[in-house]
1. In deg cm²/dmol and to the nearest 500, what is the mean residue ellipticity at 222 nm of the chain if only DSSP H runs of at least 4 residues count, each as -39500 (n - 2.57), divided by the residue total?
2. Comparing Gln22, Gln47, Gln65, which has the greatest mean-square fluctuation in the GNM of the chain with Cα pairs linked when under 10 Å apart?
3. Specify which labelled value, from (1) 12.4, 35; (2) 24.1, 68; (3) 26.0, 69, agrees with Rg and Dmax of the Cα atoms in Å derived from the coordinates of the model shown.
4. Rounded to the nearest 20 debye, what is the charge dipole size of the chain about its Cα centre when +1 sits on each Lys and Arg Cβ and -1 on each Asp and Glu Cβ?
5. Counting other Cβ atoms within 10 Å, keep those with at most 10, restrict to DSSP loop, and tell me which trypsin sites (Lys or Arg not before Pro) in region 1-39 are left.
Amino acid sequence: MRIQIAVALIAFVLLRLAQATQDAIKSPLTFARLVRTNLMHRRRIDQLLRLETRPKKRQAMKKRQAMKKRQAMKKRRAIGLQEAPA
């Protein structure tokens, strides 16, 4: 039980110190929620409010199609239906 209290106090102090280094988020509760949301992402504190940019669906689809095509070529080469490129 003592360890849990010590860990909670350390987390509280770290959150307060981190919040003191920035001025974009005034509320301690809002800041704690943003930190919790982004905890496993490597983001700077001043970037917490920005939305994460994700690749467009078409780009992701093209990558998947290219990967499937390469896998199909490998299978064909493995069973001897197509010669390997020179």
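Values in this text are rule-based calculations from the coordinates and carry no lab data. Predicted, not measured: the structure shown is a model, and the values here were computed from it. Counting neighbours? That spans all protein chains shown, and the Cβs are built from the backbone with ideal geometry, glycine included.
1. Values: 3 runs with 52 residues, N = 86.
When only DSSP H runs of four or more count, the value is -20500 deg cm²/dmol.
2. Gln65
3. Matching entry in (1) 12.4, 35; (2) 24.1, 68; (3) 26.0, 69: (2).
4. Working: 23 positive and 4 negative charges, 179 e Å.
Charge dipole of the chain: 860 debye, to the nearest 20.
5. Numbers: sites: Arg2, Arg16, Lys26, Arg33, Arg36; in loops: Lys26.
Here the sparse-neighbourhood loop sites are Lys26.
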